[in-house]
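The values are calculated or read from the model by the stated rules, or taken from the named source; none is laboratory data. All of these numbers come straight from a predicted model, not from anything done at the bench. We place every Cβ from the backbone using ideal geometry, glycine too, and count neighbours over all the protein chains shown. Just the protein is used for accessible areas: all its heavy atoms, side chains included, with ligands, DNA and RNA removed. Shrake-Rupley method; radii C 1.70, N 1.55, O 1.52, S 1.80 Å.
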Amino acid sequence: LPAPVPTGLDLNALVADVLILYETSRVPITRRLAPSLPPVWADGAQIRQVIHNLVQNAQDALDHRKESGRQPAVEVCTELAGDKVRLSVSDNGDGFPEELMARIFEPYVTTKPRGTGLGLAIVKKIVDEHHGTIAIENLPSRGASVSVLLPRTAQAA
C-alpha cells in the first residue's frame with residue numbers, strides 16, 4: 001500500500017458514500033451515524049477500503065443465515081469515543097472462531113472457504129498507519145463486531 005496522505009475527512013459522508021454501493025445487497029445494512037461527528041485525520045481512499053472490507057466481511061459471515069431461518073443483519077456505526085472517532089461494523093453471524101481470535105489480523109488467516117486471509121491484515125495495516133487502533137469481539141447476543149478508532153483532525157495538527 002502507498003503511504004497514506006491524510007486530510008480532514010468527514011467519516012459519516014464517506015460511510016454514506018460507500019454504503020450506497022450496498023443498497024441492493026443481500027443483507028440489510030443499518031446505519032447509526034453520530035450527528036456532528038468531528039473530522040478524522042485520514043486518507044479517504046484508504047479508509048474507503050477499510051469500510052468496504054469490513055462491510056463485505058460482515059456480509060460474508062451471514063451467507064448461510066437465511067437458510068437457518070434467522071434474519072441476517074449488518075450495522076455500521078460512527079461515534080465520538082473520547083478524543084477519537086469510532087467506526088464499528090457488526091453482524092449477527094456466528095462470530096469469529098475462538099481459536100483464531102489471537103491471530104485474526106495476521107496474513108492468510110481466514111474462516112472463508114474462498115478467502116485469501118489478507119483483508120483484515122490490510123485493514124489493520126491501514127489503521128496502524130493512521131495512528132488508530134482496531135479491535136474485534138464476539139458479541140454476547142451472537143455475531144461479531146470490528147471497531148476502528150481514528151484520531152480526530154485536531155489531534156493530528
Task: Degrees separating the helix 119-129 axis from the principal Cα axis of the chain, which is the longest one - done: 20
Task: In nm, spacing of pseudo-spin labels at R48 and L100 (7 Å Cα→C-beta vector) - done: 2.8
Open item on the list: As I understand it, the dipole of the chain uses +1 on the Cβ of Lys and Arg and -1 on the Cβ of Asp and Glu, about the Cα centre. Which of T133, S36, L1 lies farthest toward its positive end?
Closed with: S36
Open item on the list: Compute a Gaussian network model of the chain, connecting alpha carbons closer than 10 Å, and tell me which residue from A61, A16, A144 fluctuates the most.
Closed with: A16
- [ ] Could you please state, rounded to a whole Å, how far the C-alpha centre of the range 14-56 is from the C-alpha centre of the range 72-113?
- [x] 14
Open item on the list: Using amide H atoms built in the peptide plane, which far-off residues or other-chain residues are under 5 Å from A81 H to H?
Closed with: R86
TODO: Just order 91-99, 132-140 by mean Cβ neighbour count inside 10 Å, highest at the front, would you?
DONE: 91-99, 132-140
- [ ] Report the extension gain between E137 and Q56 in nm, rounded to one decimal, defined as 0.36 nm multiplied by the number of residues separating them, less their alpha carbon distance.
- [x] 27.5 nm
Open item on the list: Under a Cβ-only charge scheme (Lys and Arg +1, Asp and Glu -1), can you give me the dipole magnitude of the range 1-125 about the Cα centre, in debye to the nearest 20?
Closed with: 100
Open item on the list: Connecting C-alpha atoms closer than 10 Å in a GNM of the chain, tell me which of S25, S141, S88 has the biggest fluctuation.
Closed with: S141
- [ ] For the range 1-151, give the percent of accessible area contributed by carbon and sulfur heavy atoms, probe 1.4 Å, rounded to a whole number.
- [x] 55
Task: Nonlocal amide H pairs with T7, under 5 Å, H built at 1.01 Å - done: A42, D43, G44
- [ ] Provide the per residue accessible area, probe 1.4 Å, for the chain, rounded to a whole number of square angstrom.
- [x] 52
- [ ] Consider the candidate values (1) 20.1; (2) 18.7; (3) 15.9; state which one is Kirkwood radius over Cα pairs in Å computed from the structure displayed.
- [x] (3)
Task: Space enclosed by the convex hull of the alpha-carbon atoms of the range 21-104, per residue, Å³ - done: 130
